[in-house]
Amino acid sequence: MAHITCFTVQKGGAGKTSMTVNVAGALAGAYGLRTLVIDADPQCNATAALLGPEYIEAGYAPTFADVLEGRATIAEAAVQKSFPTLWTLPGSEALVGYEMARDDARRGRVIHSVASLLSDAIPDEIDVVLIDTPPSGGIWLQIALAAAHTYTVVATPDDFSASGVLKLIGTVDQVCADFNPALRRAGFLINQYRRTSEGDQYVRFFRDCFEADVFGVVFPLRGVIGSSRGVRMPVELYERLYRVSTPAAPLFRGVAAEWMQRAGIERRGAVPRLEGEQRGIAMEPELEVAA
């Protein structure tokens, strides 16, 4: 049975999609876990990061929306690209229609039915599922939490993030009460840390409030490699394919390793090699590190 999780917070700009995509890459590429990323954000950012924006613009199907409407299974809709153990279930702008379930009874039925589908229809060969959600507390965040075994809070060291964390905790409490009492928090991951007095103050704040729940890995502000986005693959796979060393890849491996320990998941055996990795590919020019 696959372990379902999400990296989330009720605030935009915290880097949850980058964290989802790149932790998934580390789980698949460094630890051999058969990993599925489900893009449950109607903005489809995870789909663009892993498959390219042209995948969305061209209207390729099937997508997550087709799975929900019964036109395809998850196994049929999941796209394998970049690495043998990494799949993406593409998002769709049509997912925004599910937000129209505004009355409590209908909304509750939608959350329960989609969460049950995600829990029951994941292919047997998948080890880990990471769901990417919108930055709001809307229905897709609630569905992800209702389906998940664990969640990780992605927090930036500022007052806006602290407010988003409190909102998320409220949403989690409600989802636990209504749909998923077994849901547990894997921890708090501090992202976009800047070595300033304010940054240090908020790191201390999170550690004082949540103690051992805070990950040991603290991600710096400039921690995501822009060049890997250009070739539509996580940093872990980019580094292996192009035989370069990046400052971000070891950090994502560290996050993935710590998350696995917190979630109680063990790595698999030998990691498959990428096509072309044996012969090598010419090293890329100096990489630009993007926030």
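Only the coordinates and a few stated rules stand behind these numbers; no lab work does. This one's a predicted model, so the numbers in the text were calculated from it and none came from an experiment. Counting neighbours? That spans all protein chains shown, and the Cβs are built from the backbone with ideal geometry, glycine included.
Descriptive notes on the structure:
- Taking a sphere under 12 Å around the Cβ of residue 111 and counting the other residues whose Cβ falls inside, with K and R at +1 and D and E at -1, yields a net charge of 0.
- The lysines within cross-link reach of residue 167, meaning a Cα-to-Cα straight distance under 21 Å and a gap of 8 or more places when in the same chain, are 11, 16.
- Unit charges at the beta carbon, dipole of the chain: most positive-side option, 91, 193, 59: 193
- Mean separation of Cα contacts under 8 Å (6+ apart) over length of the chain, as relative contact order %: 26 percent
- Here the 3J(HN,Hα) profile of the range 242-259, calculated from phi with Karplus coefficients 6.51, -1.76 and 1.60 at θ = phi - 60°, is 9, 6, 10, 10, 10, x, 7, 4, x, 5, 5, 5, x, 4, 4, 5, 5, 4 Hz, Gly and Pro shown as x.
- Each Lys and Arg adds +1 at its Cβ and each Asp and Glu adds -1 at its Cβ; summed about the Cα centre, the range 1-107 shows a dipole of about 360 debye.
- Within-13-Å neighbourhood charge of residue 267 [Cβ basis; K, R +1; D, E -1]: 0
- The listed peptides 106-113, 206-213, ordered by packing as a protection proxy, come out as 106-113, 206-213 (highest mean of other Cβ atoms within 10 Å first).
- Mean residue ellipticity (222 nm) of the chain, computed from DSSP H runs ≥ 4 via -39,500 (n - 2.57), nearest 500: -12500 deg cm²/dmol
- Dipole magnitude of the range 3-290 about its Cα centre (Cβ charges: Lys, Arg +1; Asp, Glu -1), debye to nearest 20: 480 debye
- Inter-centroid distance (Cα atoms) of the range 187-213 relative to the range 138-184, Å: 18 Å
- Surrounding net charge for residue 14, when Lys and Arg each add one and Asp and Glu each subtract one, Cβ distance under 14 Å: 0
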